[in-house]
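Undergrad: Pasting a structure here, questions to come.
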């Protein structure tokens, strides 16, 4: 550690104590400073990775909520389809049911095309979204799903004529699968978030052990040096007095 002289005796300077840091410049401990900087860089990377994981987890929760709404629409369409399967219904009865179903179908399309996170649409196309979660730039891909009527195979679903209710069941299975993927991604992201936070805390602690000053030891050292300096000054003064006395005796 580069330390200044206090009253002529080498010791910890006041600036070092005031900063609370053992390493304030490369002159104090070049190797230690390099290690501290690496640890700080790693900690900051872990913190950003945790923040990114949390943001992406929020996206998965928004997607899951929207998919839940789509599932509700599909269940309502299935119920109406079962109602339309009643042979006692007239054409006008079935048309009335279809009018309701058409509203539900429109609702599905609206949710799929208008669900956004940070202005980005997240349910109208298949793809992967990469997010950096590691301090080295590594990360995780989160799949985005397509919940549009075309993707669900329901663009022309109509109960006024012959229809196949299994199309609704397949669409429900597709949505459930998408929700399962979102749930798995959310769990993985939260594990990453917790790991990054814990590792960052340990990394900061390691950096502190290298960089921070042992305040008690430093103050004790400074006081010891002050006492030694005072003793040195007293002894120097006595020596000067003795030399002066000898000089007078020789005159």
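Undergrad: Taking the Cα-to-Cβ direction at residue 110 and at residue 177 and moving 7 Å from each Cα, how far apart do the two end points lie in nm?
TA: 2.8
Undergrad: Continuing with this model, one more query. Note the per residue figure in Å³ for the convex hull of the C-alpha positions in the range 161-210.
TA: Per-residue hull volume (Cα only) is 37 Å³.
Undergrad: Set the Förster radius R0 to 30 Å, insert the Cβ-Cβ distance between residue 146 and residue 194 as r into 1/(1 + (r/R0)^6), and round the FRET efficiency to 0.05.
TA: Working: r = 31 Å, r/R0 = 1.03.
That gives a FRET efficiency of 0.45.
Undergrad: Could you give the distance between the Cα centres of the range 54-77 and the range 83-109, to the whole Å?
TA: Between the Cα centre of the range 54-77 and that of the range 83-109, the gap is 25 Å.
Undergrad: Then there's this: Jot down the per residue volume, in cubic angstrom and as a whole number, of the convex hull over the alpha-carbon atoms of the range 41-200.
TA: In the range 41-200, the Cα convex hull volume per residue is 84 Å³.
Undergrad: I would also like to ask the following. Report the gain in length on full extension from residue 61 to residue 90: 0.36 nm times residue separation, minus Cα-Cα distance, nm rounded to one decimal.
TA: Residue separation times 0.36 nm, minus the Cα-Cα distance, leaves 6.1 nm.
Undergrad: Another question, if that's okay. Give me 132, 190 sorted ascending by neighbouring Cβ count inside 10 Å, so fewest comes first.
TA: Values: 132 17, 190 14.
If I rank by nearby Cβ atoms, fewest first, I get 190, 132.
Undergrad: Here's a follow-up. What distance in nm separates the simple spin-label points at residue 162 and residue 205, each placed 7 Å from Cα in the Cβ direction?
TA: 7.1
Undergrad: Same structure again: Run the simple label-point estimate for residue 242 and residue 34 please: 7 Å along Cα→C-beta, distance reported in nm.
TA: Calculated label separation equals 5.0 nm.
Undergrad: Here's something else I'd like to know. Please report 85, 92, 151 as a ranked list, fewest other C-beta atoms within 10 angstrom at the top and most at the bottom.
TA: 92, 85, 151
A short reminder: the numbers here are calculations on the coordinates, not readings from a lab. Here the structure is a predicted model, which is why all the values come from computation and not from measurement. Ideal geometry is used to build each Cβ from the backbone, glycine not excepted, and the neighbour counts take in all protein chains shown.
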